[in-house]
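Inspection log for the structure reproduced underneath, given as structure tokens.
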Amino acid sequence: MEDELSFSDIYGGRLALQRRYYSPSCREFCLSCPRLSLRSLTAVTCTVWLAAYGLFTLCENSMILSAAIFITLLGLLGYLHFVKIDQETLLIIDSLGIQMTSSYASGKESTTFIEMGKVKDVIINEAIYMKVIYYLCILLNDPVEPHGISQVVPVFQSAKPRLDCLIEVYRSCQEILAHRKATPTSS
């Protein structure tokens, strides 16, 4: 079963949450951010090129225009490949673990996998970021102290969804974790 819900991020931008239910013990959540705006791209490019043209008219050196074009193209490629994330995915399977994938605008993907045996809990935490924001995070078991937490892994770091979206994902994660604890064969 698959459905799509619309939410907003902490800045008011639109986010799309796709929920895929493969089985009672396996669910996937894809949070899609808006694509790069042609308007903002054009504004930044024009600003850089107009500043370069202004320097060119003062210095009469054509290298300034060439450097502005080169820097703009390199900056855009770097932004698309290393910064702009279009989609973040959380896949949770009670017998295996949790996989988090970030898909960049350039097509590059970054994946992190956490074994279910290391997962202590999934919680919604709050932080102060010019205002109070909420984020979903995975608590990892401390191998030394059984009741301790070794690490806190934030989820959906780029999209920064609001609390209502996080609650949807949180409830499903808790259902799977409860299903895992209720199943005697899980490790």
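Read-outs throughout are calculated quantities, based only on the coordinates presented, and are distinct from any laboratory measurement. Source: prediction; values computed, not measured. Cβ coordinates were reconstructed from backbone atoms using ideal geometry, including for glycine residues, and neighbour counts include every protein chain displayed.
Which of rounded, prolate, oblate describes region 98-187, given a ≥ b ≥ c as roots of the alpha-carbon gyration tensor eigenvalues and a/c under 1.5 marking rounded, otherwise prolate only if a/b is larger than b/c? Here region 98-187 falls in the prolate category.
Total Lys pairs in the chain closer than 22 Å by alpha-carbon, pairs eight or more apart in sequence or interchain only? Let's see the in-between values first.
On the way: K84/K108; K84/K160; K108/K160; K118/K181; K120/K181; K131/K160.
Lysine pairs meeting both conditions in the chain amount to 6.
Find the eigenvalues of the gyration tensor of the Cα atoms of region 30-187, then list the square roots of 5 times those eigenvalues as equivalent ellipsoid semi-axes, largest first, in whole angstrom.
On the way: eigenvalues 407, 47, 40 Å².
Each semi-axis is the square root of five times an eigenvalue, giving 45, 15, 14 Å.
Max-minus-min Cα coordinates of region 48-111 on each principal axis give 67, 14, 11 Å, with the largest extent listed first.
Averaged over residues, the count of other Cβ atoms within 10 Å places the peptides 148-158, 90-100, 1-11 in the sequence 90-100, 148-158, 1-11, highest first. Across the options I92, V155, Q174, the greatest Cα extent toward the positive end of the charge dipole of the chain (unit charges at beta carbon of Lys, Arg, Asp, Glu) belongs to V155.
Only four residue types carry charge here, +1 at the Cβ of Lys and Arg and -1 at the Cβ of Asp and Glu. Report the dipole size of region 26-163 about the Cα centre in Debye, rounded to the nearest 20. Let's see the in-between values first.
Working: 10 positive and 11 negative charges, 94 e Å.
Result for region 26-163 is approximately 460 debye, rounded to the nearest 20.
I need the per residue convex hull volume for region 15-70, using only the alpha carbons, in cubic angstrom as a whole number.
On the way: hull volume 5.0 nm³, N = 56.
Per residue, the Cα convex hull of region 15-70 comes to 90 Å³.
Binning the C-alpha pair distances of region 141-187 at 10 Å intervals from 0 yields a P(r) profile of 21, 34, 37, 8 %, listed from the shortest bin outward. Note on the chain: helix-only mean residue ellipticity at 222 nm, from DSSP H runs of 4+ residues weighted -39500 (n - 2.57) and normalised by residue number, equals -10500 deg cm²/dmol. Ranking M116, T101, T42 by Cα position along the charge dipole of the chain, where only Lys, Arg, Asp and Glu carry charges on their C-beta atoms, puts T42 farthest toward the positive end. When Rg and the Kirkwood radius Rh are both evaluated on Cα atoms of region 75-120, their ratio Rg/Rh stands at 1.15.
Assign one of three labels to region 1-110, namely rounded, prolate or oblate, based on the Cα gyration tensor with a ≥ b ≥ c the square roots of its eigenvalues; rounded applies when a/c is under 1.5, prolate when it is not and a/b is larger than b/c, and oblate otherwise. Can you show the working numbers first?
Working: a/c = 5.66, a/b = 2.86, b/c = 1.98.
In terms of gyration-tensor shape, prolate.
Working note: Debye formula, equal point scatterers on the alpha-carbon atoms of region 1-40, no solvent; log10 I(q)/I(0) at q = 0.14, 0.23, 0.33 Å⁻¹ is -0.41, -0.77, -1.06.
Specify the longest stretch of the chain that does not include any exposed loop site, a site being one of the trypsin sites (Lys or Arg not before Pro) with a non-H, G, I, E, B DSSP assignment and at most 12 other Cβ atoms within 10 Å. Before the final figure, lay out each step's value.
Working: sites that count: R35, K108, K131.
In short, 36-107.
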